[in-house]
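Structure, as structure tokens:
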Amino acid sequence: MEVHLIDGTYELFRHYYALPSAKDPDGREVAAVRGVVTSVLGMITSGATHVGVATDHIIESFRNRLWSGYKTGAGIEPDLLSQFPLLEEALAVLGITVWPMVEFEADDALAAAAEMAARDTRVDRVIICTPDKDLAQCVRGTRVVQMDRRTRTVRDEAGVIARFGVPPESIPDYLALVGDAADGYPGLPGWGAKSAAAVLARFHHLEAIPDDWRTWSVNAANAARLARTLASEREQAMLFRRLATLRTDVTVFDSVDDLRWQGPTPAFAPLAARLDAKPQTR
């Protein structure tokens with residue numbers, strides 16, 4: 001059994017910017033929803049049996065209370081933002097398990113679902129379908145992997161290390177140091193991908209990095225300056241790590257059996273027809 005966990009927010013963004021505009025009979029933009037639904041149906045046609053999709057029903061989450069600069073819905077195109085509820089409705093009537101997140105983020109739901117699915121001995125592989133680097137922290141060996149559906153690239157634990165220079169469990173520490181522009185936190189000044197990877201490859205977590213750079217024994221440029229920055233901004237770094245750490249205590253399903261696709265509901269056909277209908281001319 002393989003379990004496919006899909007980042008619905010990423011998929012909606014991807015299809016919105018990749019597809020030409022399309023409107024339903026009421027003039028609502030629906031192209032991105034059509035694209036995602038078609039894509040998910042393609043996965044099922046190709047053999048996917050157990051599928052869950054997480055969406056950011058509300059862009060803001062508990063992390064916005066921790067860091068004022070954390071990402072919000074500001075600046076998102078209205079025609080894109082308006083398609084989130086429609087996507088959730090379309091997937092639900094298609095018979096797909098959907099997790100519309102409010103207090104937490106879609107990434108948290110994916111992390112929780114991946115951990116729970118991996119506990120089931122019937123599951124051979126959990127495939128987290130998103131290129132988001134946050135989700136790299138959930139990869140485990142070759143059993144829980146990350147897939148970029150656009151490039152068809154699959155990244156297992158060895159792939160995470162090859163890409164970031166650190167194992168999955170160090171990804172939140174890595175992001176705390178280098179920052180994540182997409183999520184709105186900057187990391188620490190002077191810390192880049194190479195220096196963070198070099199230091200964390202040895203020490204793994206922020207609290208294990210000594211203040212004295214002379215004990216590091218790693219190949220990192222300007223180590224003394226990096227150490228001073230970390231020592232003076234360690235509390236900030238710990239906050240950024242908290243932002244980057246995905247929550248796995250989110251309730252998403254009771255059993256992987258809940259994710260098995262049983263076919264569309266009777267409501268899917270009329271909704272699909274509406275998505276495909278041409279707008280009325282007035």
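The number of residues in region 171-187 that are exposed (fewer than 15 other Cβ atoms within 10 Å of the Cβ) and either of a type in the set (A, V, I, L, M, F, W, C) or part of a strand (DSSP E or B) (or both) comes to 2.
Which residues, taken from region 40-57, are in contact with an Asp or Glu (Cβ under 9 Å, 6 or more places away or on another chain) and crowded, with 16+ Cβ neighbours inside 10 Å? Working first, answer last.
Of all residues in region 40-57, those in contact with an Asp or Glu (Cβ under 9 Å, 6 or more places away or on another chain) come to 40, 47-50, 52-57.
Once the filter is applied, which keeps residues that are in contact with an Asp or Glu (Cβ under 9 Å, 6 or more places away or on another chain) and crowded, with 16+ Cβ neighbours inside 10 Å, region 40-57 yields Val40, Ala48, His50, Gly52, Val53, Ala54, Thr55, Asp56, His57.
Scanning region 72-90 for residues that are at pLDDT 95 or above, open to solvent by less than 50 Å² (accessible area, probe 1.4 Å) and over 16 Å from the mean Cα position of the chain (by Cα) gives Leu80, Gln83, Leu86, Leu87, Glu88, Ala90. Residues being under 26 Å from Phe62 (Cα atoms) and in contact (Cβ under 8 Å) with a residue 24 or more places away in the chain are entirely absent from region 273-281. Residue-level check: of (1) surrounded by fewer than 20 Cβ atoms within 10 Å (Cβ to Cβ); (2) assigned to a loop (DSSP other than H, G, I, E, B); (3) at pLDDT 95 or above, Trp191 misses just (1).
Out of the helices (runs of 4 or more DSSP H) lying entirely within region 196-282, which hold 3 or more residues that are more than 30 Å from Ala112 (Cβ to Cβ) and either at pLDDT below 95 or open to solvent by 40 Å² or more (accessible area, probe 1.4 Å) (or both)? Talk me through it step by step, then tell me what you get.
Values: elements: 223-232, 234-244, 268-276.
Helices (runs of 4 or more DSSP H) meeting the threshold: 223-232, 268-276.
Among all positions in region 156-170, there is no residue which is touching a residue at least 24 places away in the same chain (Cβ under 8 Å), open to solvent by less than 30 Å² (accessible area, probe 1.4 Å) and in a strand (DSSP E or B).
Taken together, Gly95, Gly69 contain a single residue that is of a type in the set (Gly, Ala, Ser), open to solvent by 20 Å² or more (accessible area, probe 1.4 Å) and either within 16 Å of the chain's Cα centre (by Cα) or modelled with pLDDT of 95 or more (or both), which is Gly95.
Just the residues that are assigned to a helix (DSSP H, G or I) and crowded, with 16+ Cβ neighbours inside 10 Å, please, taken from region 14-38. Explain how you work it out, then say what you get.
At the first step, the residues of region 14-38 found to be assigned to a helix (DSSP H, G or I) are 14-18, 31-38.
Within region 14-38, Arg14, His15, Tyr16, Ala31, Ala32, Val33, Arg34, Gly35, Val36, Val37 meet the criteria.
The values are calculated or read from the model by the stated rules, or taken from the named source; none is laboratory data. Bear in mind that the values here come from a model prediction, so they are computed numbers and not experimental data. Positions of Cβ are backbone-derived with ideal geometry, glycine not excepted, and every protein chain shown enters the neighbour counts. Heads up: the accessible areas ignore ligands, DNA and RNA and are worked out on the full protein's heavy atoms, side chains in. Shrake-Rupley method; radii C 1.70, N 1.55, O 1.52, S 1.80 Å.
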